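The values are calculated or read from the model by the stated rules, or taken from the named source; none is laboratory data. Quick caveat: nothing in here was measured; it's all calculated off a predicted structure. Cβ coordinates were reconstructed from backbone atoms using ideal geometry, including for glycine residues, and neighbour counts include every protein chain displayed. Ligands, DNA and RNA are excluded from the accessible area calculation, which covers all protein heavy atoms including side chains. Shrake-Rupley method; radii C 1.70, N 1.55, O 1.52, S 1.80 Å.
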Amino acid sequence: MLLSGTSGCAQSGQETGKQQELAPELRCLSPGSSDRWRQELLSRSPSGAVWGLEEPGARGLLGRATNTQAVVFWSFVAEPEGSGPPRAVAVGSGREVAVAPGAGTLGRVTLRNGTLELRELRAAAQGRFLCQGLFPERGRLHVGYAAVLLRVLDAPCWGPWGLVGGPGDGAAHGLVPPVPVSKPFVRPTAAVAAEGATVALTCSVREGTKPLSFSWQHREPRGGPLPSPMGMGGSGAELRLTPANRSHAGWYACTVRNQVNNCTSEPVYLDIIYGPDEPAISVEPFSPEQGGFSAGEREDVVLSCLAPSNPPSRYVWLHNSSQVHTGQTYAISAITRAQAGTYTCLAENTHLQTRTQATIVLTVYYPPPGSPTCSALATGDLRDVALRCRWPGGFPLARLRWVGPWPPVKEDEDEVASGSSLSMATSIQPGAATRNGSSFSCLASHPALPQGATCGTTLWVPADGPSCAVAVTKGNEYVTLRCRWEGGTPPVTLRWRDGGGRALGDPSPSTAVLVLSTHSGLRGRDFVCAAAHPLRANGAECRLRLGKPDSKRASPPWATVTQGGHRSRGAINPSGIS
């Protein structure tokens with residue numbers, strides 16, 4: 001008695017790991033039949049290797065069915081264990097058939113005319129099936145047996161006709177296997193197309209029993225494996241892209257199915273030419289402002305341009321209409337004020353001969369020279385202090401503001417800050433409300449100076465009081481009255497007055513000098529030097545009285561000096577002011 005097996009065959013495709021409707025059958029045949037023992041696998045594995053002949057066996061797919069023929073008693077030994085006694089599967093004699101309990105773990109088992117059929121094949125059906133038969137020969141009963149190895153494949157691309165017997169097998173049992181589909185191939189109307197054009201891809205097979213069904217798969221140019229069919233273009237043999245756009249670029253494959261198997265083509269690449277789109281310009285460091293971007297002088301600036309295009313864009317940079325660079329990125333080291341202006345990015349698609357452009361305005365900021373300067377002047381009839389801060393130049397102008405005083409006038413008083421202004425800032429500080437020794441700061445900010453700049457001043461009143469002195473020029477023609485009180489911020493303001501309080505000359509800081517003619521009748525006249533400071537509520541003064549000594553000697557005249565409540569007399573030095 002001979003044994004043969006039939007199993008499914010298909011070509012590799014997608015959906016790896018899914019079960020197929022494979023139905024192998026196992027046949028027990030008598031030696032007198034025209035069938036010959038043969039097992040052949042006519043399919044390719046998913047890796048592309050061809051399965052060859054092996055020991056009598058069969059192949060089926062998980063979830064599919066298997067057949068056998070001419071069986072008296074079928075038993076089974078599971079693989080890979082391969083040990084232990086066989087367990088009964090089914091027994092039949094003519095039309096009397098019995099299926100063993102527990103055979104359902106192999107699949108849906110039926111026995112007909114010696115053929116064991118396993119449908120909805122289970123993984124547990126992998127192993128050796130033993131066919132034992134009792135048959136008459138030359139008037140005597142003989143016992144024969146044979147074994148077949150069934151391997152259950154958990155692969156997606158197998159159909160129900162992979163393992164077939166000899167040429168007579170199908171005819172002997174009235175079965176004419178349909179023809180599996182051959183490996184399909186894809187032909188596009190154009191491998192390269194411009195965006196907006198119409199592109200068609202056609203899927204063809206050389207052989208395969210109809211009806212055939214088609215499905216398409218698409219993968220982006222840099223995507224992963226071909227995904228499951230997406231239903232692109234329906235199920236027809238032609239996939240039409242009308243119009244084609246950039247999202248259609250990538251790899252295309254088609255899968256063809258019939259009742260036997262399914263096969264997937266090798267992917268073909270479709271290239272879509274487009275662009276360039278309108279460029280987008282970015283600037284680092286990123287410092288946008290109305291109408292463009294800005295950077296600080298001596299700062300490193302990087303201009304980048306992006307204009308999507310296939311093939312990639314060619315980039316050219318213009319500065320104030322003059323070409324300065326070729327490439328997607330333009331780096332400017334230690335930018336200067338002369339490099340401010342407009343920057344234009346030209347993007348060109350050399351294949352389509354198309355061009356787009358974008359322009360930005362780049363402003364270069366630079367600070368004023370040096371550093372800010374602070375000063376304090378008496379103002380408001382010498383009762384207030386004008387705090388002045390100056391820092392001219394630069395682009396844009398520096399923004400300045402005064403803060404203070406420190407320490408505060410009151411213990412719980414917050415810091416006082418004046419409003420900001422450009423290039424020069426002035427703050428009027430009431431003298432009566434300012435403590436002697438109070439400090440103020442001018443804070444300067446500029447876009448090109450992240451840390452900014454500062455200057456400061458401390459308001460204070462010098463100690464003691466003014467001092468007066470008198471001298472005559474050589475030849476006794478003029479008398480010089482001099483008053484001094486140096487120090488302080490702002491400086492003390494000094495002014496000469498006569499004995500009647502009439503102002504003589506202009507007020508001046510720290511030193512006041514008054515020159516008088518000796519022929520104007522100076523003897524016996526009083527002169528007062530008045531001193532004032534905003535932080536001092538009461539003023540100070542020193543006095544001079546010009547006259548001659550009691551000895552009634554002639555010139556030079558004598559002067560009586562009163563300051564600080566003390567009076568002194570002395571001859572005027574004829575050598576002048578010193």
* Structure fact -> Sorting TRP406, TRP496 on solvent-accessible surface, 1.4 Å probe, most exposed first, gives TRP406, TRP496
* **Phi-based couplings in Hz for region 310-326 (Karplus 6.51, -1.76, 1.60; Gly and Pro marked x)** => 9, x, x, 5, 9, 10, 10, 9, 10, 10, 6, 6, 10, 5, 10, 6, 10
* To do: Wrap a convex hull around the Cα atoms of region 326-379, take a quarter of its surface area, and give that in square nanometres.
  => 6.6 nm²
* **FRET efficiency estimate (nearest 0.05) - Cβ-Cβ, SER322 to GLN451, R0 56 angstrom** => 0.95
* **Apportionment of accessible area to carbon and sulfur, region 178-329, percent (1.4 Å)** => 51 percent
* In whole Hz, what ³J(HN,Hα) sequence does region 99-107 give by Karplus (6.51, -1.76, 1.60; θ = phi - 60°), x for Gly and Pro? -> 9, 5, x, x, 5, x, 5, 8, x
* Structure fact -> Between LEU397 and ASN538, Cβ-based FRET efficiency (R0 41 Å, step 0.05) works out to 0.45
* Out of residues 5 or more away from ALA90 or on other chains, whose amide H comes under 5 Å of its own, with H placed 1.01 Å from N in the peptide plane? -> TRP74, ALA100
* To do: Estimate the FRET efficiency between GLN290 and THR426 by the formula 1/(1 + (r/R0)^6), using the beta-carbon distance for r and 35 Å for R0, to the nearest 0.05.
  => 0.75
* Structure fact -> For the pair GLU96 and ALA194, the simple spin-label estimate (label points 7 Å beyond Cα toward Cβ) gives in nm 8.4 nm
* Structure fact -> Once amide hydrogens are built 1.01 Å from N within the peptide plane, the residues lying 5 or more places from HIS325 or on another chain with amide H under 5 Å from its amide H are TRP317
* **For peptides 294-301, 397-404, sequence by mean Cβ density within 10 Å, most packed first** => 397-404, 294-301
